[in-house]
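Report on the structure given below.
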Amino acid sequence: MVSMSLDSYEDVVGQVVIAQLRKLAHQLAGARVVHVNSTREGGGVAEILSWLVPLMNDLGLDTSWEVIDGHAEYFHTTKSFHNGLQGSPAALTDRMIKVYEDTVSANAERLRPKLSEADFVIIHDPQPAFLIKCCPERKGRWVWRCHIDVSRPNHRIWRYLKDLVSLYDASIYSMPHFARRLDHPQLIIAPSIDPLSDKNCELPQGYIDATLDRFGIDRRLPLLTQISRFDRFKDPLGVIRAFDILSGSLDAQLVLAGGGADDDPEGQAVLNEVQETARGREDIFILDLPPDAHRTINALQRASTVVIQKSLQEGFGLTVTEAMWKSKPVIGGNVGGIRLQVHNHHTGFLVDTPEGAALRLRELLRQPGKAGRMGRTAREFVTVNFLLTRHLREYLTLMLGLRHGLESRLLAG
Ligand code: UDP
């Protein structure tokens, strides 16, 4: 894992913010923290953990990141949990429960000593949630960090998961709307981006141009981009439909770029559908990127006239934050965490249909002044709300709260 220092962020957020974080973290010096998720690459959770873990270490907490190992059947099962929790039809059979529990239990054999001794264990999403049942002798505080929209879940899947989540000392959601009825404190912490990572740092214009040339993208034409795993919730076909409606009247190009995540077994099937739909189109670029294509994604976002994130469900949508940080107006699906970021008519537009997306794309392509103003507002909004220093402060505050009996005080209140 890269070693990072919080001091590098001084130029972005100011010295006072860094000093405050160090002061807060001082009270947690040496605390053992373990994060667990189900993939080291691909998707927003891995993106966040790749900077959160080194920076917590830099702040003096003894922090590590563990990943659940599993076979295809386990990942099909957890993808079904994921789909069902976000409201899609999804099965939950006894066989699936057995595969899930057996896989997590096998991982627990390896992880138990570390988890049992940790002061804080942060379990990300449903994939590792069963670990808590495998560690009855736990010493520290356990928090379930939910990154997805569980506001309208499939009831059978939620009932099963709720029994596990209820064992945790607290749970975290990205927005208030996602919290559930549970007998423990539920906290709201929005995700954030690392402004200095390869994904978000400034890039020389030469690199951006070379990236477009590499894919045969015409630098003179407006570029519309959606970066996402190939996942039905991201609605790539809806994006192509919006582009089709638009392209009769305006010359532009569309890029749909993404790759897979180790814990997402459906990506290839969705990519095939998307490629099939775009076959023969010279103005649509479907880019299947490797997991480490961070600078390529950065360049594509920076080269874009407008960034699209037309999700049908979205826990948060880091791709929206990334685009806004690059001063791009975003046309986003009117769902979940996108609503926290895209403020209609200010930082972009919220849309419900491909037709709505096409209408707003046309508006922004025809009015570059408006697109520029929205992009600048978007950048300011991210600077205040969605950079990693705010995120770190909220984690530290939560840990201090838990150490001082946050649960009993909140529940007594
Ligand atoms: N991402 C990436 N490569 C890809 C597709 C996505 O690195 O091919 C990154 C993207 O830039 C963002 C994260 O993965 O940082 C996706 O997070 P988001 O919250 O948008 O969606 P999720 O995939 O977690 O549902």
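Observations, loosely collected:
- Count - residues of the stretch 184-206 that are of a type in the set (A, V, I, L, M, F, W, C) and more than 14 Å from Leu388 (Cα to Cα): 3
For (1) without any contact (Cβ under 8 Å) to a residue 60 or more places away in the chain; (2) open to solvent by 20 Å² or more (accessible area, probe 1.4 Å); (3) among the basic types (Lys, Arg), each residue gets a yes or a no:
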site: Gly337; (1), (2), (3): no, no, no
site: His343; (1), (2), (3): yes, yes, no
site: Phe349; (1), (2), (3): yes, no, no
site: Arg360; (1), (2), (3): yes, yes, yes
site: Gly372; (1), (2), (3): yes, yes, no
site: Asn385; (1), (2), (3): no, yes, no
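- Residue match in the stretch 67-80 (condition: open to solvent by less than 60 Å² (accessible area, probe 1.4 Å) and aliphatic (A, V, I, L, M)): yes
Conditions (1) acidic (Asp, Glu); (2) within 16 Å of the ligand (Cβ to nearest atom); (3) open to solvent by less than 10 Å² (accessible area, probe 1.4 Å), marked per residue:
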position	(1), (2), (3)
Ala118	no, no, yes
Ile132	no, no, yes
Gly140	no, no, no
Leu167	no, no, no
Ser197	no, yes, no
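- Residue within the stretch 11-31 that is among the acidic types (Asp, Glu) and surrounded by 15 or more Cβ atoms within 10 Å (Cβ to Cβ) present: no
- Filter result for Leu271 (buried (at least 18 other Cβ atoms within 10 Å of the Cβ), more than 10 Å from the ligand (Cβ to nearest atom) and part of a loop (DSSP other than H, G, I, E, B)): no
- Looking only at the stretch 99-140, and only at residues there that are aliphatic (A, V, I, L, M) and in a helix (DSSP H, G or I), the one that is nearest to Ile157 (Cα to Cα): Val99
- Enumeration of residues in the stretch 299-316 that are more than 16 Å from the chain's Cα centre (by Cα), of a type outside the set (D, E, K, R) and not in a strand (DSSP E or B): Ala299, Leu300, Gln301, Ala303, Ser304, Thr305
Residue-by-condition table, conditions (1) of a type in the set (D, E, K, R); (2) closer than 22 Å to Asp149 by Cβ; (3) not in a helix (DSSP H, G or I):
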residue	(1), (2), (3)
Asp244	yes, no, no
Gly260	no, yes, yes
Gln275	no, no, no
Glu282	yes, no, yes
Phe285	no, no, yes
Pro291	no, no, yes
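- Apart from one condition, Ile193 fits all of (1) closer than 17 Å to Thr319 by Cα; (2) aliphatic (A, V, I, L, M); (3) open to solvent by 10 Å² or more (accessible area, probe 1.4 Å); the exception is (3).
- Of all residue pairs spaced 6 or more apart or on separate chains, those with beta-carbon atoms under 7 Å, a first member in the stretch 145-160 that is within 15 Å of Val335 (Cβ to Cβ) and a second member that is within 16 Å of the ligand (Cβ to nearest atom) and open to solvent by 30 Å² or more (accessible area, probe 1.4 Å) are His147/Gly44; Ile148/His82; Asp149/Gln313; Arg152/Gly87; Pro153/Gly87.
- Exclusive hit being modelled with pLDDT of 95 or more and out of contact with any helix residue (DSSP H, G or I) (no Cβ under 7 Å at 6 or more places or on another chain), set Leu271, Leu256: Leu271
- Flag for Ser311 being within 9 Å of the ligand (Cβ to nearest atom), open to solvent by less than 10 Å² (accessible area, probe 1.4 Å), modelled with pLDDT of 95 or more and in contact with a strand residue (DSSP E or B) (Cβ under 8 Å, 6 or more places away or on another chain): yes
For every residue, the table says whether it meets (1) out of contact with any Leu (no Cβ under 9 Å at 6 or more places or on another chain); (2) within 16 Å of the ligand (Cβ to nearest atom); (3) more than 30 Å from Asp7 (Cβ to Cβ); (4) at pLDDT 95 or above.
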{"position": "Gln127", "(1), (2), (3), (4)": "yes, yes, yes, yes"}
{"position": "Ile172", "(1), (2), (3), (4)": "no, yes, no, yes"}
{"position": "Cys201", "(1), (2), (3), (4)": "yes, yes, no, yes"}
{"position": "Tyr207", "(1), (2), (3), (4)": "yes, no, no, yes"}
{"position": "Ser228", "(1), (2), (3), (4)": "no, yes, yes, yes"}
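- Residue within the stretch 13-32 that is assigned to a loop (DSSP other than H, G, I, E, B), of a type in the set (S, T, N, Q) and within 16 Å of the ligand (Cβ to nearest atom) present: no
- Pairs where the first residue, in the stretch 98-112, is farther than 16 Å from Ile123 by Cα and at pLDDT 95 or above and the second is open to solvent by 50 Å² or more (accessible area, probe 1.4 Å) and part of a helix (DSSP H, G or I), C-beta under 7 Å, 6+ apart: Val99/Glu73
- Selection within the stretch 253-267 - within 13 Å of the ligand (Cβ to nearest atom) and either open to solvent by 20 Å² or more (accessible area, probe 1.4 Å) or in contact (Cβ under 8 Å) with a residue 60 or more places away in the chain (or both): Gly259, Gly260, Ala261, Asp262, Asp263, Asp264, Glu266
- Of the residues making up the stretch 279-308, those that are away from the ligand (no atom under 12 Å from the Cβ), open to solvent by 10 Å² or more (accessible area, probe 1.4 Å) and of a type in the set (A, V, I, L, M) are Ile284, Ala303.
The values are calculated or read from the model by the stated rules, or taken from the named source; none is laboratory data. It should be emphasised that the depicted structure is a prediction, and the values quoted were computed from it without experimental measurement. No Cβ is skipped: glycine too gets one built from the backbone with ideal geometry, and neighbour counts run over all protein chains shown. Just the protein is used for accessible areas: all its heavy atoms, side chains included, with ligands, DNA and RNA removed. Shrake-Rupley method; radii C 1.70, N 1.55, O 1.52, S 1.80 Å.
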